[in-house]
Amino acid sequence: MTLRLHRRSFIGGIAGAMALAAAPVAALRRPAYGPAEGIIKLNANENPYGPSPKALKAIAEAATHSAYYPGPTVRRLQEMVAEYNGLKPENVVLTSGSIEALFAVGAAYSRHGRIVAPALTFGPHLTVVERMGGEVIRVPLTADLDTDLAGMERAVDNTVSMVYVCNPNNPTGVEIDAAALRAFCTRVSATATVMVDEAYNELTDDPEASSMVDLVRNGKNVIITRTFSKLHGIAGLRVGYALAPAHLAEVISRHAMTQPNLVGAAAAIATIDDEPFLEFSKQKIREGRELVADVFRRHEIPYLESRANFVYGDIGRNADDFRASMQARNVHIRGIYAPYSTWSRVSMGRMEDLEVFARVFSEVYNA
């Protein structure tokens, strides 16, 4: 095949390249970090108070060594995560955000059977499973929007390879009773692997009691996933992990495509036990939840008691339309999570941003 390049296109390309070369370096390299100025971003469950000062120091130091692969730093983080959870390093799989661990487990288990999950929950990995030809059995929530453990257990038979539970659930923020979930995991794990997504565990009132990590310590057929994106405030650095008995961790490792980078791992090491910052962040999240809940109460909007860093409320109108009206005023919240077309999720931001949200929400709601 002969490639013909039009003379005008060729000259135009040269002119474009020359213009690009002449452009100010500052303009070409202008960074775009986080929301643009004036935008109130309350739609992604981030912690805008992070990274912590300790993490920022580690980031700066690690960045100077970015010419080197992150192996030793990642191994150190793996050991710290294991110790923090009373496990061994072989029980820990570090990934680029917990979403990668969820994808890896979904890819591994969908080859061997169906997956059971709540009908309303965090679901990108479940969508990927379906696109890959796997089958997901979606069990509706209870009437009060709690995870229907009994219904999920009834759906488990010998054709099911994995059961997914998010606790606290996203987007509802509802925490599953720990005793009920532990009994569920113990029974169901005899038939299928149970994966408990604990992305928001550290935001609960008693993280240790609400976690199912003790089942991993006891060698049950259970996988836990967690992330540094929420309480620790380093969502942009993409650090997460899975906790599992060694033989299950090996399966996850075989299917995971990525691991944390050097800077992300260094930040996670610095912040994993940074109690002053973690407590500060947790307190700010609690204050933010109360502010949003108060907005809903003042407008007589039903909402769910959240143990995460967002609040889910029934605004009584199309949530996508309401989101668009809020966004037109530079406040970004979430719209419809099907089939709940009138419910909207508001993530936590800085208190000053949430105060703007409160004012704009009232204006839009009462318009």
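The values are calculated or read from the model by the stated rules, or taken from the named source; none is laboratory data. As the structure is a computational prediction, the values presented were derived from the model and not from experiment. Glycine also receives a Cβ, built like all others from the backbone with ideal geometry; neighbour counts cover every protein chain displayed.
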Open item on the list: Against the condition farther than 27 Å from N169 by Cβ and of a type in the set (D, E, K, R), how does E46 come out, does it pass?
Closed with: no
Open item on the list: Can you pull out every residue in segment 192-211 that is in contact with a strand residue (DSSP E or B) (Cβ under 9 Å, 6 or more places away or on another chain) and part of a loop (DSSP other than H, G, I, E, B)?
Closed with: A192, E198, A199, Y200, S211
Open item on the list: For segment 94-140, give me the residue count where each residue is free of Cβ contacts under 8 Å to residues at least 60 places away in the same chain, of a type in the set (D, E, K, R) and either outside any strand (DSSP E or B) or on the phi > 0 side of the Ramachandran plot (or both).
Closed with: 4
Open item on the list: Can you tell me which of (1) surrounded by 23 or more Cβ atoms within 10 Å (Cβ to Cβ); (2) among the small types (G, A, S); (3) farther than 30 Å from T142 by Cα is the one S229 doesn't meet?
Closed with: (3)
Task: When residues of segment 175-191 are limited to those that are part of a loop (DSSP other than H, G, I, E, B) and in contact with a Ser or Thr (Cβ under 6 Å, 6 or more places away or on another chain), the one surrounded by the most Cβ atoms within 10 Å (Cβ to Cβ) - done: E175
- [ ] Please name all residue pairs, on different chains or six or more residues apart, with Cβ atoms under 9 Å, provided the first residue is in segment 39-53 and is hydrophobic (A, V, I, L, M, F, W, C) and the second residue is surrounded by fewer than 21 Cβ atoms within 10 Å (Cβ to Cβ) and at pLDDT below 95.
- [x] none
Open item on the list: One residue is enough: does segment 289-299 have a residue meeting the conditions buried (at least 22 other Cβ atoms within 10 Å of the Cβ), in contact with a Cys (Cβ under 6 Å, 6 or more places away or on another chain) and on the phi < 0 side of the Ramachandran plot?
Closed with: no
- [ ] Scan segment 334-355 for residues that are closer than 10 Å to P171 by Cα and either surrounded by fewer than 16 Cβ atoms within 10 Å (Cβ to Cβ) or in contact with a Leu (Cβ under 8 Å, 6 or more places away or on another chain) (or both) and jot them down.
- [x] Y337, V346, S347
Open item on the list: Pairs please, first residue from segment 173-196 and on the phi > 0 side of the Ramachandran plot and assigned by TED's automatic domain parsing to the domain that holds D148, second anywhere and crowded, with 16+ Cβ neighbours inside 10 Å and not acidic (D, E), Cβ atoms under 7 Å, 6+ apart in sequence or on different chains.
Closed with: G173/L304; G173/S306; G173/R307; G173/A308; G173/F310; G173/V311; G173/Y312
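Yes or no, residue by residue, for (1) in contact with a Phe, Trp or Tyr (Cβ under 9 Å, 6 or more places away or on another chain); (2) within 26 Å of I176 (Cβ to Cβ); (3) at pLDDT 95 or above:
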| position | (1), (2), (3) |
| --- | --- |
| S211 | no, yes, yes |
| R238 | yes, no, yes |
| L248 | no, yes, yes |
| I269 | no, no, yes |
| R286 | no, yes, yes |
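Condition check ((1) closer than 19 Å to A199 by Cβ; (2) touching an Asp or Glu at 6+ places or on another chain (Cβ under 6 Å); (3) surrounded by fewer than 20 Cβ atoms within 10 Å (Cβ to Cβ)) across all residues:
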residue: R238; (1), (2), (3): yes, no, no
residue: E250; (1), (2), (3): no, no, yes
residue: T258; (1), (2), (3): yes, yes, yes
residue: V263; (1), (2), (3): no, no, no
residue: T271; (1), (2), (3): yes, no, no
residue: E275; (1), (2), (3): no, no, yes
residue: N318; (1), (2), (3): no, no, yes
residue: R323; (1), (2), (3): no, no, no
- [ ] Read through the list (1) under 22 Å from R111 (Cβ atoms); (2) within 15 Å of the chain's Cα centre (by Cα); (3) in a helix (DSSP H, G or I), then give the number of the only condition that I224 fails.
- [x] (3)
Open item on the list: Any residue that is part of a loop (DSSP other than H, G, I, E, B) and in contact with a helix residue (DSSP H, G or I) (Cβ under 7 Å, 6 or more places away or on another chain) - is there at least one of those in segment 145-160?
Closed with: yes
- [ ] Report whether or not I272 is in contact with a strand residue (DSSP E or B) (Cβ under 6 Å, 6 or more places away or on another chain), β-branched (V, I, T) and in contact (Cβ under 8 Å) with a residue 60 or more places away in the chain.
- [x] no
- [ ] Report yes if E153 is closer than 23 Å to Y340 by Cβ, assigned by TED's automatic domain parsing to the domain that holds A104, out of contact with any Ser or Thr (no Cβ under 8 Å at 6 or more places or on another chain) and surrounded by fewer than 21 Cβ atoms within 10 Å (Cβ to Cβ), otherwise no.
- [x] no
Open item on the list: Criterion first (crowded, with 18+ Cβ neighbours inside 10 Å, in a loop (DSSP other than H, G, I, E, B) and of a type in the set (S, T, Y)) does T172 satisfy it?
Closed with: yes
